[in-house]
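Structure below; questions to follow.
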Amino acid sequence: MKVIRTKEEMRRAVRRAQAEDRTVGLVPTMGFFHEGHLELMRRASECDVVVVSLFVNPTQFGEGEDFTDYPRDFDRDCAMAESVGVDYVFAPEPSEMYPEGFTTRVVVEKMSDLMCGAFRPGHFIGVATVVAKLFNIMPADRAYFGQKDAQQLAVIRAMARDLDFDIEIVGVPTVREEDGLAMSSRNTYLEADERAAATVLHRALDRASELAEKGERDPEELRRAVVDTIGAEPLARLEYVNICDNIYLRPTADLKGEILIALAVRIGRARLIDNVILRIE
């Protein structure tokens with residue numbers, strides 16, 4: 001495995017692979033890997049060459065957010081990536097990605113201001129901008145993103161579609177702990193009692209899913225089940241729960257087709273997100 005620090009060297013490596021008719025899989029990350037990241041890398045191994053970007057992107061953090069405190073362990077991350085067969089780690093400095101005079105932003109309208117975007121203004125502008133840059137630096141055949149970040153996945157799919165990036169966006173199912181908590185680098189912020197409380201996200205989504213499986217078709221009933229379950233956990237503060245379609249993230253009054261139930265909850269220092277997709281005939 002090779003670590004690359006500059007955009008030009010990364011471009012050359014991808015161009016060499018493509019000149020040899022080898023497919024390239026890209027896994028964009030902010031590092032501090034866990035099993036969820038490794039699953040993305042394993043999925044990407046269906047391509048001939050696997051590239052992982054490791055970059056804590058400053059433009060997707062708002063004022064007062066955890067950019068400085070975001071967990072980092074570069075050597076550990078590289079060892080984990082190498083253990084699952086990654087070929088390249090692209091780990092640029094912020095000045096390499098955003099040189100002096102950088103002024104361009106990518107905005108995916110409407111979808112970026114909902115859900116997490118309403119609580120983290122500008123977050124998805126930072127996400128869309130850095131991913132667009134990665135797609136230009138590494139014009140991969142496929143790019144892999146976790147379903148846990150459902151809104152991010154939808155925004156990136158829309159951006160790739162609208163800007164004609166010739167890259168297949170692959171969503172990979174959420175990887176969970178044994179008790180159902182979705183794996184996240186921010187889980188490290190949780191104290192022991194908070195970690196136990198955090199399972200309420202998965203339990204709330206499970207409750208809504210059970211109701212839908214039993215025939216409930218009123219989204220407000222599913223929303224109420226989620227709100228009540230979260231509300232029963234004293235350490236949890238619900239930010240939002242959205243029930244919408246899984247393409248444009250539009251709220252739905254009619255439960256049919258592919259429905260996304262997504263939520264964000266604060267527990268202690270951690271802001272946790274999770275979701276479930278319902279496929280309703």
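The values are calculated or read from the model by the stated rules, or taken from the named source; none is laboratory data. Quantities reported herein were computed from a predicted structural model and do not represent experimental measurements. With ideal geometry, Cβ positions are generated from the backbone for all residues, glycine too; neighbour counts draw on all protein chains shown.
Could you list, in sequence order, all residues of the range 257-275 that are in contact (Cβ under 8 Å) with a residue 24 or more places away in the chain, part of a strand (DSSP E or B) and surrounded by fewer than 20 Cβ atoms within 10 Å (Cβ to Cβ)?
Listed by number, the residues that qualify are Arg266, Ala270, Arg271.
Pairs needed: first member in the range 210-230, charged (D, E, K, R); second member anywhere, outside any helix (DSSP H, G or I) and surrounded by 14 or more Cβ atoms within 10 Å (Cβ to Cβ); C-beta distance under 7 Å; at least 6 residues apart or different chains.
Arg217/Leu255; Arg223/Val241; Arg223/Ile243
Next up: Among the residues of the range 224-240, count how many are over 15 Å from Asp274 (Cβ atoms) and of a type in the set (D, E, K, R). I'd like the intermediate steps shown before the answer.
Narrowing the range 224-240 to residues over 15 Å from Asp274 (Cβ atoms): 224, 228, 231-232, 234-235.
Now drop any that are not of a type in the set (D, E, K, R), which leaves 224, 228.
Total meeting the criteria: 2.
Yes/no matrix, rows are residues, columns are (1) touching a Pro at 6+ places or on another chain (Cβ under 8 Å); (2) assigned to a loop (DSSP other than H, G, I, E, B); (3) in contact (Cβ under 8 Å) with a residue 24 or more places away in the chain; (4) more than 25 Å from Asn187 (Cβ to Cβ):
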| site | (1), (2), (3), (4) |
| --- | --- |
| Val56 | no, yes, yes, no |
| Glu65 | no, yes, yes, no |
| Tyr70 | no, yes, yes, no |
| Cys78 | no, no, yes, no |
| Glu82 | no, no, yes, no |
| Glu100 | no, yes, no, yes |
| Val108 | no, yes, yes, yes |
| Gln151 | no, no, yes, no |
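Kindly provide the set of residues from the range 1-25 that are among the small types (Gly, Ala, Ser) and in contact (Cβ under 8 Å) with a residue 60 or more places away in the chain, ordered by number.
Correct list: Ala13, Gly25.
Another question about this same structure. Can you name the residue in the range 223-256 that is surrounded by fewer than 16 Cβ atoms within 10 Å (Cβ to Cβ) and small (Gly, Ala, Ser) and, of all such residues, is farthest from Arg161 (Cα to Cα)?
Ala232
Whether any residue in the range 214-225 is farther than 26 Å from Val27 by Cα, under 21 Å from the mean Cα position of the chain (by Cα) and part of a helix (DSSP H, G or I) is what I want to check. Let's see the steps before the verdict.
In the first step, residues of the range 214-225 are kept if they are farther than 26 Å from Val27 by Cα; the result is 214-225.
Among the residues that remain, those that are also under 21 Å from the mean Cα position of the chain (by Cα) are: none.
There is no residue in the range 214-225 that is farther than 26 Å from Val27 by Cα, under 21 Å from the mean Cα position of the chain (by Cα) and part of a helix (DSSP H, G or I).
Given the structure, is Val86 β-branched (Val, Ile, Thr), crowded, with 19+ Cβ neighbours inside 10 Å and in a strand (DSSP E or B)? Step through it out loud before you land on a result.
Details: β-branched (Val, Ile, Thr): yes; crowded, with 19+ Cβ neighbours inside 10 Å: yes; in a strand (DSSP E or B): no.
So Val86 fails the test.
If you go through the range 78-108 one residue at a time, how many are farther than 23 Å from Arg12 by Cβ and touching a helix residue (DSSP H, G or I) at 6+ places or on another chain (Cβ under 9 Å)? Steps first, please.
Applying the first criterion (farther than 23 Å from Arg12 by Cβ) to the range 78-108 yields 79-80, 83-84, 100-101, 103-108.
Now narrow it down to the ones that are touching a helix residue (DSSP H, G or I) at 6+ places or on another chain (Cβ under 9 Å): 80, 83-84, 104-108.
Residues that pass the stated criteria total 8.
Every residue in the range 167-211 that is part of a loop (DSSP other than H, G, I, E, B) and in contact with a helix residue (DSSP H, G or I) (Cβ under 9 Å, 6 or more places away or on another chain), please. If you could, list the steps in order and put the result at the bottom.
Within the range 167-211, the first condition is being part of a loop (DSSP other than H, G, I, E, B), and the residues that meet it are 167, 173-175, 177-181, 183-184, 190-191, 198-199.
Residues satisfying the conditions are Ile167, Pro173, Thr174, Val175, Glu177, Asp179, Gly180, Leu181, Met183, Ser184, Leu190, Ala198.
Tell me, please, whether a residue that is over 15 Å from the mean Cα position of the chain (by Cα), buried (at least 21 other Cβ atoms within 10 Å of the Cβ) and part of a strand (DSSP E or B) can be found in the range 24-43.
Yes, there is a match, as at least one residue in the range 24-43 is over 15 Å from the mean Cα position of the chain (by Cα), buried (at least 21 other Cβ atoms within 10 Å of the Cβ) and part of a strand (DSSP E or B).
Taking into account only those residues within the range 226-268 that are modelled with pLDDT under 95 and among the basic types (Lys, Arg), which is farthest from the chain's Cα centre (by Cα)?
Residue satisfying both the conditions and the ranking: Lys256.
May I pose another question? If you take the residues of the range 223-262 that are out of contact with any Leu (no Cβ under 8 Å at 6 or more places or on another chain) and among the polar types (S, T, N, Q), which of them is farthest from Glu194 (Cα to Cα)?
Here the residue is Thr252.
Which is of a type outside the set (Asp, Glu) and assigned to a helix (DSSP H, G or I), of Thr129, Thr104?
Numbers: Thr104 fails: assigned to a helix (DSSP H, G or I).
Just one listed residue meets the conditions, Thr129.
Which number in (1) out of contact with any Phe, Trp or Tyr (no Cβ under 8 Å at 6 or more places or on another chain); (2) free of Cβ contacts under 8 Å to residues at least 40 places away in the same chain; (3) surrounded by 14 or more Cβ atoms within 10 Å (Cβ to Cβ); (4) not in a helix (DSSP H, G or I) marks the one condition that Phe145 misses?
Of the numbered conditions (1) out of contact with any Phe, Trp or Tyr (no Cβ under 8 Å at 6 or more places or on another chain); (2) free of Cβ contacts under 8 Å to residues at least 40 places away in the same chain; (3) surrounded by 14 or more Cβ atoms within 10 Å (Cβ to Cβ); (4) not in a helix (DSSP H, G or I), the odd one out for Phe145 is (2).
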